[in-house]
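Just below is one structure, and these are the notes that go with it.
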Amino acid sequence: MKWIDFSLLLSRTCDKTFAGFVVCAIFGTVAWSPLAWGFAGSSSFPHDDPPEFSARLMWKTGGRIAKAQLFVKNDRYRIEPAGGVRTELGFASVLIIRLDKQKTWYVFSQRRMIVSVPLTLDFLLPFSIKLEGETSRSVIGESVVGDQPALLYDVEVKDRFGQLERYFEWVDPKREILLKLLSQDRDWFVEYHHVVLSSQPDYYFEAPLGYRIIEAQEAPIPRG
C-alpha cells in the first residue's frame with residue numbers, strides 16, 4: 001500500500017472512446033507517496049474483506065493533512081475528498097475504487113463524466129488490523145482516536161525486501177476495527193473517525209445514471 005500525497009503529479013490521460021478522435025488531458029491528480037507500503041504485494045485486500053462501514057478519513061503525508069468521507073463495501077470503496085480533487089478537467093468530486101474491476105473512477109459531476117483508469121496499489125487503504133509481514137506486536141495501553149476509545153499497539157513489520165519498519169496502530173477493541181495507523185519511520189498516518197458499521201448502498205459504488213465512462217490509461221509524469 002502507498003499513501004495519498006497531495007503534491008500534484010501529472011499524468012497524461014487519453015479518451016479513446018470517440019472513433020477517430022483522441023482527447024488528451026493533463027491530470028493533476030491525487031497521487032500516493034513514492035515511499036511505498038513495502039509489504040503490499042497485490043491489488044486486493046491483504047486479508048478478509050472489511051466490514052461495510054462509513055467513516056471520516058484523514059491522512060498525512062509530506063507534511064500535509066487531508067480529509068475525506070469514506071464509504072466501504074467489501075471489495076470497493078468510495079472516497080469523497082473535502083474540496084474535491086483538482087485536475088485539468090475540473091474538480092473530481094468523488095473517487096470510486098473498484099477492486100473487482102481493477103479500476104479507479106474519477107467522477108466529474110459537472111461534466112456528468114467518469115474517467116476510468118487501471119487500478120494500482122496506490123489506491124489501497126489499510127483496513128486489516130493484522131499487517132502483512134508482521135513480525136511482532138506489543139500492547140502499549142489504552143488511548144483514543146478522536147472520541148473513539150482505542151487500544152494502542154507497537155507493531156513491527158518486515159517487508160518483502162527484508163527491511164523492518166515500525167508502526168503505531170490504534171484499534172477499537174470492542175468492534176475489532178482499525179482506527180489509525182502511523183509509521184514511526186516516515187511522516188505519514190491514516191485514520192478513521194466516526195466509524196459507523198452499517199450496510200452501504202450499492203449505488204454508491206456504481207456509475208451514476210446518465211454519466212458516460214471514458215476508459216483511459218494513466219502514466220504519471222512528475223511535475224518538474
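The values are calculated or read from the model by the stated rules, or taken from the named source; none is laboratory data. This structure is a prediction, so every number in the text was calculated from the model and none was measured. Virtual Cβ from ideal backbone geometry, glycine too; neighbours counted across all protein chains shown. Ligands, DNA and RNA are stripped out before the accessible areas are found, and what is left, the full protein with its side chains, is counted by its heavy atoms. Shrake-Rupley method; radii C 1.70, N 1.55, O 1.52, S 1.80 Å.
How far apart, in nm, are the 7 Å Cα→Cβ label points at Arg186 and Arg137?
2.1 nm
So, with a 1.4 angstrom probe, what is the percent of accessible area on segment 44-128 that is carbon and sulfur?
The C+S portion of the solvent-accessible surface of segment 44-128 is 44 percent.
How much area per residue is accessible in segment 57-124 when the probe is 1.4 Å and only protein heavy atoms are counted (Å²)?
40 Å²
Considering the dipole of segment 84-224 built from charges on the beta carbon (Lys and Arg +1, Asp and Glu -1) around the Cα centre, which of Gly146, Pro118, Tyr192 is farthest to its positive end?
The residue sitting most towards the positive pole is Pro118.
So, in nm, how far is label Ala82 from label Phe168 when the simple model puts each one 7 Å beyond its Cα toward the Cβ?
2.1 nm
Enter the accessible area per residue of segment 140-224 (Å², integer; probe 1.4 Å; all protein chains in place).
Per-residue accessible area for segment 140-224 comes out at 59 Å².
Sketch the reach of a paramagnetic label on His193 as a point 7 Å from Cα along Cα-to-Cβ, and name the residues of segment 144-177 whose backbone nitrogen lies under 15 Å away.
Flagged as within label range: 144-149.
Full extension from Gln69 to Ser93: what is 0.36 nm times the residue separation minus their Cα-Cα distance, to one decimal in nm?
Here the answer is 7.5 nm.
How high is the FRET efficiency from Lys130 to Gln110, r the C-beta distance, R0 45 Å, rounded to 0.05?
0.60
How large is the charge dipole for segment 103-211, taken about the Cα centre, if only the Cβ atoms of Lys, Arg (+1) and Asp, Glu (-1) carry charge, to the nearest 20 debye?
Here segment 103-211 has a charge dipole of around 400 debye.
When N counts the residues of segment 65-172, how does its alpha-carbon radius of gyration compare numerically with 2.2 N^0.38 Å, as a ratio?
1.34
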